[in-house]
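The values are calculated or read from the model by the stated rules, or taken from the named source; none is laboratory data. In this text the structure is predicted, and so the values were computed from the model without any measurement. Every residue, glycine as well, gets a Cβ built from its backbone with ideal geometry; the counts of neighbours run over all protein chains shown. Note: areas computed on protein heavy atoms with side chains; ligands, DNA, RNA excluded. Shrake-Rupley method; radii C 1.70, N 1.55, O 1.52, S 1.80 Å.
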Amino acid sequence: MNTQYENYSAAAEVGAVRKRRSRLERIWIDLKKAPLSAWFGMIVVFAYMVVALFAPLIAPYGEAEVFPEANAAWSSQFIFGTDQIGRDMLSRLIYGARNTMGIALMTTLLSFLIGGSLGLIAAISRGWLDQLLSRSVDVLMAIPSLIFALMLLSIFGSTVTNLVIIIALLDSTRVFRLTRSVAVNVVVMDYVEAAKLRGEGLGWIMRKELLPNIMPPLVAEFGLRFSFVFLTIAALSFLGVGIQPPTADWGSMVRDNANLIQFAGIDFRIGLTPLLPAAAIALLTVAVNFVVDWFLHKTSGIRDEH
Amino acid sequence: MDADEMNNNQSGAAAGDVLLEMRDVHIEGFSDEQWHPIIKGVDITLKRGEIMGLIGESGAGKSTLGLAAMGFARPGCRITKGTIRFDNQELTELPKKNKRELWGTRIAYVAQSAAASFNPAHRLIDQTVEAANRSQIRPVAESRSDAIDLFKALQLPSPDTIGSRYPHQVSGGQLQRVMTAMAMSPRPDLIIFDEPTTALDVTTQVEVLASMRKIVEEFHTAAIYITHDLAVVAQMADFIKVLRYGDEVEEAPTRSMLSAPQQEYTKSLWSVRDFEKPEEQGDDVVLSLDGIDAAYGKTKVLHDINISLTRGKTVAVVGESGSGKSTAARVITGLLPPGKGQVVFNGEALPRELKGRSKEQLQRIQMIYQMADTAMNPRQTVGQIIGRPLDFYLGLTGAAQEKRVLELLKMIELDESFIDRLPSELSGGQKQRICIARALAAEPEIIICDEVTSALDQIVQEGILKLLLSLQKEFGISYLFITHDIATVKAISDEIVVMFQGKVVEQGLKSEILNPPYPEYTKLLLSSVPEMDPDWLTNLLSERA
Amino acid sequence: MSVCVSLDVWSKSLHPVLSTVLKRLGLGLITLFVVSAIIFSSISLLPGDFGEAVLGQAATEDTVAAFRKELGLDKPAVTRYFEWVGSVLRGDLGTSFSGRAASGVNRARSVVELVKPRLQNTLFLAGVTAIIAVPLALILGLAAALYRNSYFDRTVNVTTLTTIAMPEFFVAYILILFFSSLLPWFPSLANVSAETPFWERLYKISLPAITLTLVIMAHMMRMTRAAIINLLASDYIEMARLKGASRREVILKHALPNAWAPIATVIAFNLAFLVVGVVVVEVVFVYPGIGQLMVDAVTSRDIPVVQACALIFAGTYILLNLLADVIGIVSNPRLLHPR
């Protein structure tokens, strides 16, 4: 045996060694490579968050402050005019960011809490519990969620709490499905079996072996679910069964000012007024989708390398 | 129909002409946002009717080069430099349309995974004659009867009707032969075989190799035979080219290459096969499987299995896929409770299920897996992976744990810089070493090794086997070594268990099992393992006939 | 799940395709059954005082009691459920809550009477949209897959991503702003009635149909593209290329026969999506469809109408998914030609 290849493997063997970098460096490198659409998305999301957090400081007037002139034209006093009962459009748009986004965020968090934990438990335990949960979710998903939400709201009434709970429950079915299917792929990995053979408990396996490895798809899904929930709430408010007045909310603002659109021929800017809250909704969901699209592309690319 | 007659409709070019000439071929692949070289200037000259063996380890660029011989680059690859002349046409400059006229008709390709390479929606015979019909090499009506003749020549069962089946209805070995028929149907000048038998069991491999060699000889087709297995290529090729990291190492006629390899790298490839541990008889039984039956659902996979393992020794469990060898491991670890019988460890029956076993019992039996990739959590560092059993079983934390991790790293011949690497930053061999260290950390009496070397290149395999043996000597660990590879068995075992269809055929010392007299199945299995002798297949076939 | 068990026994003697299809149909039936139970039980969840809410504050105890009796609230829930299922199967969806007065005078109309013309309108709108959107989206999705990573593909990617993320009413109002307010090409109100002639009807629903088309096309194109690209990555497609098949042959002969299942899923998913999207669009354009009926009923808490609408939507949804699954089963060679 020649000695030249005797110690080939040990430390000298080159694996797919990537340059060692700190986490911050990696994030920065990823960001530099991010496409324009992702940058656009991130900046928009950041801006929305700032507006939502500091709404009272930014808004020129109060959320429910009524001025004598209803449907006022755009002017220096009311930059986007006033609404159908004389409230400043811009201020309501700013407060709307806070209300609509806040409610959507709460709903999404709740649905992930429910769907995510049930999905993980189903994936690890398998057996009858998994069957029971999966079959129930199948049935719940057989009803379109907007229709289901409409029905439940008609019974329980349109309050913010009901809205959050109903939509979160309906949406958690989708989170459950995703979490379960991703986790099932990880559960069959040998390292999970190795942990079981070592004698590790359910808690360790969930926290240390499963969660870190299913984070990327879950994070992406969080973005998608958030924009979906956001759109559902906007649609419900637009239909008049979502967030109720006088709370400023983009969906109902579109509905309340919709008839102004027919005056676009006379004053284009007045015609634009109902589109402003709609555009605010669209801009945010488009931005979130751009970020998620890039994130998915990036994380799936890493998977290709292996 | 006579084979020569079948060959007559081929253009009557003289044997000995140069068919394929590749000069200074460079190919790059795109990954991690940039282009990397895969092939760095390789030459190939292949005459009509000649068979070239192309061998190398994973990542050597064999498949890429084989496809380049067709003028084809996979998506994400590009041919950057060099010339590829096939029958006086320059493939690198030929328009795609003209290349398509060559592909499948004059140059055919046989892929590794037949099951994935057949279209699930079409019948086998339609796929077999597709290329021949497109090029109208013979009347469409004759293609089918010709395909059936080819099926016959390839010794496929019921050749008249097998073509009307769908891919999923036929076994892997048969599919591989149908794919050879598909390649042969338009009577190409050149066939590229890309690891065509790698996914098959040894006993099936012999049949497929024999029929492929026969048909290629009959039609005097030139071929490039790509494989990582020296013994296989020795049966097929006239001359062999060795490839490493995209460069040619050496090229020589098969016989002289086998008897006198010139380069150090080639020699090391050859010598791997010679490594063998002297057997030792053990006396102190540490683990035994007594009359085990086991089933997945209603399918019974183990029938009354008896295996025993002595302290500080290695028992190799060998068998083909579906023989139940991995299931036996699952029964020992408690993942699959047996239907009948018991697992006795140090004189005590182990609880049937994992849940019933004590920490102490779990600690004493450790496991190493085939795919080191999936056996390590990709989000944990080497230090965390090895450190966890130290904490869990031995209560070692903090500095004491780190000290022990470094000692373990030293034992597996890796230095301390590895402690904070992630699995993705390790090579295949290094990954498997970390898995060994993790098993070692628990201070076990038994380690179950499930095909631990079969995903690795041969040189790396040898390093891992030697490491396992030296650890055995030092700590007196017993190995239950599951494998399908006879060379590995020779290298590492003291005793051998042969399994077939869920039953133990025999158990005994290595010298007893590997020498006559054999039970029938053992004989078939052992005689099917290719040897580094160009005449092995020929002799075997005449022996069996 | 006893149905499944008995189906298992059957399936031994049947062709695998037939038994799989039957199993799937059985599952669909069970789902529909459970869904109807959920929709039905919603009425039991109503707060106790809803009788007064429907009939008004001045309702006497007698009229409230009579109303409760009419709804059958005095009987056990299981009996009521089967009575309800029975009448639904006979085409009787109950009586609307609206039109009732505290005095006991009952001018309420039957739900079927309310739903039927509305359903026809919705099916008309959805049908027109599907006829435009499905072929267009499939062709464009296929093209994007074929020429992936080209400028065409990238443009399609960004555009569809944007469209998907937009609320339907935003798309609708932009269309109204430009093609109704600024350029008076199309009407912004799609107020059709039973007497509206076909071509005028078509003209009136042009904006809602375009809105829906834009929304579901984006989804469908992305999904078609993904489904085809998934297929094109398989080994047998590379093999087809290496056998000299042209791009056309690869797609038509080798990819398409394996693509029916994913394509059917894409179409079914998007038609189901259309069913939901129709609600918002109908409200924007004041189109007298079933979506708007449901929203009105939700606002006035007219539970029988809500139930009927929910049942129709859910039924359509389940049926479409069932159809896609059946196409997937029937086009699967592994099931068609068992070992």
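Results, tabulated for the structure shown:
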quantity	calculated
A:Gly62 in contact (Cβ under 8 Å) with a residue 24 or more places away in the chain and more than 25 Å from the chain's Cα centre (by Cα)	yes
Filter result for B:Tyr245 (farther than 21 Å from B:Leu468 by Cβ and in contact (Cβ under 8 Å) with a residue 40 or more places away in the chain)	yes
Filter result (more than 11 Å from the chain's Cα centre (by Cα) and of a type in the set (S, T, N, Q)) within the stretch C:292-316	C:Gln292, C:Thr299, C:Ser300, C:Gln307
Leading residue by the ranking (nearest to the other protein chains (Cβ to nearest Cβ)) among those in the stretch C:159-181 that are open to solvent by 40 Å² or more (accessible area, probe 1.4 Å) and either of a type in the set (Phe, Trp, Tyr) or under 15 Å from A:Leu284 (Cβ atoms) (or both)	C:Met166
Selected residue (only one of A:Phe263, A:Phe268 is farther than 29 Å from C:Thr160 by Cα and within 9 Å of chain C (Cβ to nearest Cβ))	A:Phe263
Odd one out for B:Ala199, checked against (1) open to solvent by 40 Å² or more (accessible area, probe 1.4 Å); (2) away from every other protein chain (no Cβ under 14 Å); (3) under 20 Å from B:Gly66 (Cα atoms)	(2)
Test result for B:Glu425, under 27 Å from the mean Cα position of the chain (by Cα) and free of Cβ contacts under 8 Å to residues at least 24 places away in the same chain	yes
Selected residue (only one of A:Asp304, A:Asp293, A:Asp256 is assigned to a helix (DSSP H, G or I), more than 8 Å from chain C (Cβ to nearest Cβ) and either modelled with pLDDT of 85 or more or more than 22 Å from A:Glu65 (Cα to Cα) (or both))	A:Asp304
Spans of strands (runs of 3 or more DSSP E) in the stretch B:306-419 with at least 3 residues within 12 Å of chain A (Cβ to nearest Cβ) and at pLDDT 90 or above	B:365-368
Of the criteria (1) of a type outside the set (D, E, K, R); (2) modelled with pLDDT of 90 or more; (3) open to solvent by 10 Å² or more (accessible area, probe 1.4 Å), which one B:Ala69 fails	(3)
Qualifying residue in the stretch A:269-283 (condition: open to solvent by less than 10 Å² (accessible area, probe 1.4 Å), touching a Ser or Thr at 6+ places or on another chain (Cβ under 9 Å), hydrophobic (A, V, I, L, M, F, W, C) and in a helix (DSSP H, G or I))	yes
Number of the exception - B:Glu462 against (1) in contact with a strand residue (DSSP E or B) (Cβ under 9 Å, 6 or more places away or on another chain); (2) under 30 Å from B:Thr198 (Cα atoms)	(1)
B:Ser164 vs. criteria within 14 Å of chain C (Cβ to nearest Cβ) and closer than 21 Å to C:Lys243 by Cα	yes
All positions within the stretch B:387-399 that are surrounded by 13 or more Cβ atoms within 10 Å (Cβ to Cβ) and small (Gly, Ala, Ser)	B:Gly387
Sole exception among (1) closer than 18 Å to A:Met49 by Cβ; (2) surrounded by fewer than 21 Cβ atoms within 10 Å (Cβ to Cβ) for A:Ile266, by number	(1)
Residue list for the stretch A:177-190, filter: open to solvent by 10 Å² or more (accessible area, probe 1.4 Å) and either among the basic types (Lys, Arg) or touching a helix residue (DSSP H, G or I) at 6+ places or on another chain (Cβ under 6 Å) (or both)	A:Arg177, A:Leu178, A:Arg180, A:Val182, A:Val184, A:Val186, A:Val187, A:Met189, A:Asp190
C:Val330 more than 14 Å from chain B (Cβ to nearest Cβ) and either open to solvent by less than 40 Å² (accessible area, probe 1.4 Å) or more than 19 Å from C:Ala133 (Cα to Cα) (or both)	no
Of all residues making up the stretch B:265-287, the number that are assigned to a strand (DSSP E or B) and surrounded by fewer than 18 Cβ atoms within 10 Å (Cβ to Cβ)	1
Count of residues meeting criterion [touching a helix residue (DSSP H, G or I) at 6+ places or on another chain (Cβ under 6 Å) and at pLDDT 80 or above] in the stretch C:188-209	4
In the stretch A:191-202, residue nearest to A:Gly116 (Cα to Cα) [restricted to those that are open to solvent by less than 40 Å² (accessible area, probe 1.4 Å) and part of a helix (DSSP H, G or I)]	A:Val192
In the stretch B:77-109, residue surrounded by the most Cβ atoms within 10 Å (Cβ to Cβ) [restricted to those that are more than 10 Å from every other protein chain (Cβ to nearest Cβ) and of a type in the set (Asp, Glu)]	B:Asp87
Any chance A:Ser91 is among the polar types (S, T, N, Q) and modelled with pLDDT of 85 or more	no
Residue match in the stretch C:320-327 (condition: within 9 Å of chain A (Cβ to nearest Cβ) and either of a type in the set (Lys, Arg) or crowded, with 18+ Cβ neighbours inside 10 Å (or both))	yes
Residue ranges of helices (runs of 4 or more DSSP H) in the stretch B:111-222 with at least 3 members within 25 Å of B:Leu525 (Cβ to Cβ)	B:172-184, B:202-218
